[in-house]
1. Before rounding to the nearest 500, sum -39500 (n - 2.57) across all DSSP H runs of length at least 4 in chain A and divide by the residue total; then give [θ] at 222 nm in deg cm²/dmol.
2. Between A:VAL380, A:VAL348, A:VAL363, where does the largest GNM mean-square fluctuation fall for chain A, given springs only between Cα atoms within less than 10 Å?
3. Using θ = phi - 60° and the Karplus form 6.51 cos²θ - 1.76 cosθ + 1.60, what ³J(HN,Hα) does each residue of region A:331-341 get, whole Hz, x for Gly and Pro?
4. If one takes the longest principal axis of the Cα atoms in chain B, at what angle in degrees, from 0 to 90 and to the nearest 10, does the Cα axis of helix B:152-165 lie?
5. Per-residue Cβ counts within 10 Å, from other chains only, averaged over B:44-53: what number is that?
6. How many angstrom lie between the C-alpha centres of region B:113-162 and region A:211-254?
7. Are any of the pairs B:LYS105/B:LYS164; B:LYS15/B:LYS42; A:LYS33/B:LYS32; A:LYS338/B:LYS15; A:LYS33/A:LYS61; A:LYS33/A:LYS309 more than 26 Å apart by Cα-Cα distance, and if so, which?
8. Run lengths n ≥ 4 of DSSP H only: what is the helix-derived mean residue ellipticity at 222 nm for chain B, with -39500 (n - 2.57) per run over all residues, to the nearest 500?
Amino acid sequence: MPQFDLVTALILIVAVMGGGLGLVAYLTLGERKVSAWIQDRVGPNRVGPFGLLQPLADGGKFFLKEEVIPAHVDRIFYVLAPAVGVITALLALAVVPVGGATPPPDPAPTVAAFDQAQADYRSKLNLVIAPGIDVGVLYVFALGSLAVYGVILAGWSANNKYSLLGAMRSSAQIISYEIPLGMAVLGVFLIVGSLNLERIAAWQETHTWWLVFFQPLAALLFMISAYAEGSRLPFDLPEAEQELVGGFHTEYSSMKLGLLLMTEFIHLITAGFMMSILFLGGWSLFGLENVSADPTVTAVLKAGILLTKMFLYCVFALIVRWTIPRFRFDQLMNLAWKVMIPLGLANVVCVVVALQFGAPLWVLTAASAGLFLVAGCIAVRAAGSITNPKRAVRKLPPGMPVGVTYAGR
Amino acid sequence: MPLTETDVRWVEAPKLGFWDQLYLPAMVDGLKTTLGHMFSKKITEQYPEQEPTLPPNYRGVHRLNRDEAGRVKCVACYMCATACPAHCIDIVAAPAPTEWKDREKYPETFVIDELRCIYCGMCEEACPVDAIELTTLYDLTGASREQMVFDKEKLLSVFDQTTKAGTDPVRSRAGKLGAASEPPPQ
């Protein structure tokens, strides 16, 4: 367990919280802008230059709106739910490196060597709030699954059928997609040999090639599951404005609604960080991050690279949102249980076999492509019955014998 | 005619091939479309700065047309008020001044409640002398309900305003009464 500096941690907490919430605010603007551009519109452009002050106006509006707590709600859980949602979402950012970080030192055989390693470790810059957490990814996943509590508490305490429907969908969805999410990163852990996020990023830095090149299928599964975990479209069934009003946040108003809406974007940011660190090489960019000998410049470069990757992931999620329509609930479940979990399992088996026989990592790329194509073949053979089961179609109106004509309406 | 079984055509969903079943190519196709739209020309009209160009048959605020002599063309026949589905036109007829040789009656008052009006244009259709027309004025505001009740002078001033601005030229039989206007019996 490496020691770390409390002052640095506090500064980082302020920076990550402020930066994260600022990014959340601007992602809301980004979402509106991107949707407008995709729909050939201009988007919000009246508040400030190019509408850049729009998030401030939105936030101010949330604070100034009347706070309505309906009489029929369970007050304790109703008030608790947004807090649970935001807190669990924000806590996940604690172990995520937001810039360059050094992997913690391994246990040393002697006290002197240990002290030496610790002093060496402390002298390096670590842009992580809680550095050296060896369960890193597990911690993020644990908090990610806690997020469902915010949604369920909100949906159930609101005592409203739409809220409850949204919450039920959310619980089923998040629990189902946890499994492919975990399967997708299992391969990464096996290759790197650590759950520590700093180590995983450092592994990719030393190997130059990112893990997405060795685990493309896992990266795809991870991205899809991360969308589902964060209730992003095409998996936004918990909200589903068109059918459930607002889903679990139907009964919320004012800043409580704001918090619930923020939660979604915080999850998106966390997913962006996780995707960048686990699969997209973290702060490495094929050696470009080390062009400068100056440690300050290097730190800035690394943070810039990582944040750019995270930001691009978020923008991609925004574009995907306006590209792919929402899944039906049975399709959503079929996708998780019949497509993604088997694929994830097969991928893990491939990694285990390859590592056991000491095959080069590029074999895994071929294996991923092979698995993907085999899945395609199976899908063709099943003719869509996996994700879209056929119901028997009665070719005659019920109770009408063959040959009998019936009047047109 | 009763629908027979042979008239019913059952349509099956097309079978998806290997390429479609991989799903990702379709996603990439979709992303190409959305990205293409992201950088295409925007169709938004920035309204207050950029005024819309309206078609000439746009149905906005009414006006009462004037004839060549500058008199109101209306002959107070009540056909517009009768045709109006919203009952927003209120006319009080009076005998035309004796020097107006071409008509028997004229409207003493002619009031349209612009708030009740549904802008269907049926008054314009009904008018036998083309006295009432709908203009392309659309940005109509008022501080009270009373302000939105337009009387004859106001409706005539809309005519002056729109013809002077050239936005709405008189559409039919400029300046002349229609065939339906009978001169008073001698």
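The values are calculated or read from the model by the stated rules, or taken from the named source; none is laboratory data. Small disclaimer: the values here were computed from a predicted structure and weren't measured. Neighbour counts run over all protein chains shown; Cβ positions are idealised from the backbone, glycine included. Accessible surface areas use protein heavy atoms only, side chains included; no ligands, DNA or RNA. Shrake-Rupley method; radii C 1.70, N 1.55, O 1.52, S 1.80 Å.
1. After summing the helix terms and dividing by residue count, I get -21000 deg cm²/dmol.
2. Greatest mean-square fluctuation among the candidates belongs to A:VAL380.
3. Per residue, the Karplus-derived 3J(HN,Hα) values read 5, 4, 5, 4, 4, 5, 7, 9, 10, 6, 5 Hz.
4. Helix B:152-165 sits at roughly 60 degrees to that axis.
5. 1
6. If we compute the Cα centre of each part, the gap is 52 Å.
7. Pairs exceeding the cut-off: B:LYS105/B:LYS164; B:LYS15/B:LYS42.
8. When only DSSP H runs of four or more count, the value is -6500 deg cm²/dmol.
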